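Chemist: Below is the structure I would like to discuss, written out as structure tokens.
The values are calculated or read from the model by the stated rules, or taken from the named source; none is laboratory data. This structure is a prediction, so every number in the text was calculated from the model and none was measured. Methodologically, a virtual Cβ is constructed for each residue, glycine included, from the backbone with ideal geometry; neighbour enumeration extends over all protein chains shown. All accessible areas refer to the heavy atoms of the entire protein, side chains included, with ligands and DNA or RNA removed. Shrake-Rupley method; radii C 1.70, N 1.55, O 1.52, S 1.80 Å.
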Amino acid sequence: MMARPSPILTLAFALLIPLTALGPGCTTVWEEHYRPISAAEPIPGGQKIAMREIPWERMEKAIADARQRRVDDDRHFSEWSDEERLEARTALLRDLQFSRNPEEVRVIGVSAFRTTDVVKPWDGSLIGFAREVGATHVIWSDRYLGKAQAIVDRTVYIDQFRATGAFERDGNRRNNFGGGTTTATVPVVVDRDERGYTSFFLRVNGGRPAPSQNDQQDD
């Protein structure tokens, strides 16, 4: 089953800057569901990227609080002052358990989706994409959503039987019997566990992370 965008992210976060266009050539699920917020230069290959997992309750609070902040204000977020945007960004980073000075942090983008496929954030694809979009830190979380139907391909075996015959010179019919097994691929609907994933891509001014002992990094 293909991953679907998460409805929980109807964010155009208060933090910021109009969304920029998403470039072509998406190859990972993180890219396919990425929403850019600000542009940044890619991180050089020799520089570490810090990746942190936080409890889903913290991620959910970050999303809900950011959305509620926009709901409660009678103005569109584009009319907010720099001080108000900084206040919103400070609250977001606090919910994400990110303790760096908010004045030194930019939110580069966010990716959110739900899927029945197996996703492994630690397999290098998430950090690789963070490097590509210019994030020094990526903060992610996931949660179980229950069962969902997915279409998968199944191989089925088909037994074949055939009979052939011909009349001999003596007028009698001679029959030949044969058979075999062939295979075919057919789509089948199955129930699978579905999980939702959300990741925030952050950049600290200067481009260098200051990871804690619990941060995961690329090599």
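Chemist: Within region 64-149, what whole-number % of the accessible surface is contributed by carbon and sulfur, with the 1.4 Å probe and all protein chains included in the calculation?
Modeler: Here it works out to 44 percent.
Chemist: For the pair Asp82 and Ser125, what calculated FRET efficiency results from E = 1/(1 + (r/R0)^6), where r is the Cβ-Cβ distance and R0 = 41 Å, to the nearest 0.05?
Modeler: After rounding, the FRET efficiency stands at 0.75.
Chemist: Which order do you get for Asp82, Asp117, Asp95 if you rank them by accessible area with a 1.4 Å probe, largest at the top? The partial results should precede the final answer.
Modeler: On the way: Asp82 120, Asp117 65, Asp95 10 Å².
Largest accessible area first, the list is Asp82, Asp117, Asp95.
Chemist: Calculate, for Asp74 and Asp142, the FRET efficiency according to 1/(1 + (r/R0)^6) with r their C-beta to C-beta distance and R0 35 Å; round to the nearest 0.05.
Modeler: About 0.50, to the nearest 0.05.
Chemist: Loop-only chymotrypsin sites (Phe, Trp or Tyr not before Pro) in region 26-89, please: DSSP not H, G, I, E or B, and at most 11 other Cβ atoms within 10 Å.
Modeler: For chymotrypsin sites (Phe, Trp or Tyr not before Pro) across region 26-89 that sit outside H, G, I, E and B with at most 11 neighbouring Cβ atoms in 10 Å, the list is empty.
Chemist: Once you list every other residue whose beta carbon is under 10 Å from the beta carbon of Leu96, what net charge do they have if Lys and Arg are +1 and Asp and Glu are -1? Show your work: numbers first, answer last.
Modeler: Numbers: positive: Arg52, Arg58, Lys61, Arg94; negative: Asp95.
Computed value for this residue: +3.
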